[in-house]
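Novice: Structure in structure tokens, see below.
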Amino acid sequence: MKISVVIPTYNERENLPELVERLSRALQGYEYEIVIVDDDSPDKTWGLAEELARKYPIKVIRRTKEKGLSSAVIRGFKEASGDVFVVMDADLQHPPEKVPELIEAIKRGADIAIASRYVPGGAVKNWYWYRKLISKGAIMIGRVALPRIRNVKDPVSGFFALRREVVEGVELNPVGFKILMEILVKGHYNNVREVPFTFGLRKAGESKLGSRTIVNYLRHIYRLMRWEGEIDRLVKFSLVGLSGVLVNEGFLWAFVEFFGWDKVFSNILATELAILNNFTWNDIWTFRDLKNKPLLKRLVSFHVAALSGALVQWAIYVILMAVGVHYLLANLIGIVVSFIVRFAVNRHVTWG
């Protein structure tokens with residue numbers, strides 16, 4: 001089993017000698033290569049890598065026309081000769097000593113082994129609260145939007161290993177830095193294992209996190225949702241929801257104006273009929289390919305999702321009103337969040 005360690009670099013000259021030396025120690029006893037893909041760094045990281053290649057098994061790829069971490073990783077995959085690919089950053093926040101554990105997980109049957117900050121034993125060193133919030137928020141969005149990664153605790157990790165077969169013949173086209181998420185959605189695999197690690201402090205250079213990174217991440221999520229068909233499913237869920245509004249309003253009018261029934265009772269009955277309408281159309285149209293549970297369980301779960309959405313909408317409305325938000329805007333925000341909650345619960349639970 002040959003190991004190819006793919007390392008994308010840009011202005012990492014100060015970190016490179018220590019990284020290569022520690023990585024070589026960690027991989028003693030393995031047949032390995034280090035594939036450094038440099039985006040024509042102004043500090044000439046690529047030049048230092050070529051010097052180090054005289055002593056270590058390093059392959060240097062200097063890109064002068066392309067830019068970007070994910071595309072650099074994909075280029076590294078194409079140039080690598082190993083049976084197992086390891087991807088890591090050059091800034092020493094990914095400890096090289098952890099690489100053998102990832103390889104061992106692959107040997108024990110994993111197709112993808114992820115160095116994870118968010119499984120028991122994993123940690124992050126000295127992050128400000130807002131950085132932790134951004135990371136956890138990004139993971140939550142990804143796991144809700146992309147069902148295939150919902151059981152992965154750290155799908156945005158930049159430190160992982162995989163069998164070559166996972167990405168062979170797969171068209172990878174990520175936006176931004178999160179190449180692992182692209183692989184988890186599109187790759188050929190059955191078994192993912194997460195290995196705890198402590199995300200360390202950058203030794204030198206500058207962090208690449210910024211507003212553009214966040215925007216690219218959201219674009220990436222959207223593109224993967226389209227690729228998986230989740231955007232189409234979301235549109236269908238929305239159309240069914242609109243039909244439910246018409247059913248609710250129509251029956252409420254009929255019960256009150258035509259039959260002369262009590263308005264409160266009529267509202268309850270009309271709401272239940274709207275829920276049944278929405279369930280029926282979602283079951284035979286929106287989620288027709290995901291009927292993994294008995295009909296009664298799906299129906300009960302759909303009611304729970306509807307109740308959860310209503311409670312979320314009410315709670316947001318009350319909280320925003322309390323802090324001075326106009327009642328119509330507060331209600332609108334509550335409706336939007338309620339819709340997301342109902343879709344997520346139904347996608348992952350009712351038809352999960």
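The values are calculated or read from the model by the stated rules, or taken from the named source; none is laboratory data. Remember, predicted model here, so these are calculated numbers, not experimental data. Note that we place each Cβ from the backbone using ideal geometry, even for glycine, and neighbour counts take in every protein chain shown.
Novice: Look through the stretch 293-352, keep the residues that are aliphatic (A, V, I, L, M) and in contact with a Leu (Cβ under 7 Å, 6 or more places away or on another chain), and return whichever of them is nearest to Asn278 (Cα to Cα).
Specialist: Residues of the stretch 293-352 aliphatic (A, V, I, L, M): 295-296, 299-300, 304-307, 310-312, 315-316, 318-323, 325, 328-330, 332-333, 335-337, 340-341, 344-345, 349.
With in contact with a Leu (Cβ under 7 Å, 6 or more places away or on another chain) added as a condition, the list becomes 330, 333.
Numbers: Ala330: 25, Ile333: 22 Å.
In this case the residue turns out to be Ile333.
Novice: Enumerate the pairs (first residue in the stretch 330-352 and in contact (Cβ under 8 Å) with a residue 24 or more places away in the chain; second residue anywhere and assigned to a helix (DSSP H, G or I) and charged (D, E, K, R)) with beta-carbon separation below 7 Å, excluding pairs fewer than 6 apart on the same chain, so at least 6 apart or on different chains.
Specialist: Partner pairs satisfying both residue conditions: Thr350/Arg298; Trp351/Arg298.
Novice: Looking at (1) in a helix (DSSP H, G or I); (2) free of Cβ contacts under 8 Å to residues at least 40 places away in the same chain, which is the one condition that is false for Leu23?
Specialist: Of (1) in a helix (DSSP H, G or I); (2) free of Cβ contacts under 8 Å to residues at least 40 places away in the same chain, only one is false for Leu23: (2).
Novice: Using the structure shown, decide if Val73 is out of contact with any helix residue (DSSP H, G or I) (no Cβ under 8 Å at 6 or more places or on another chain), in contact (Cβ under 8 Å) with a residue 24 or more places away in the chain, in the same structural domain as Glu168 (by TED's automatic domain parsing) and surrounded by 15 or more Cβ atoms within 10 Å (Cβ to Cβ).
Specialist: When the stated conditions are applied, Val73 does not pass them.
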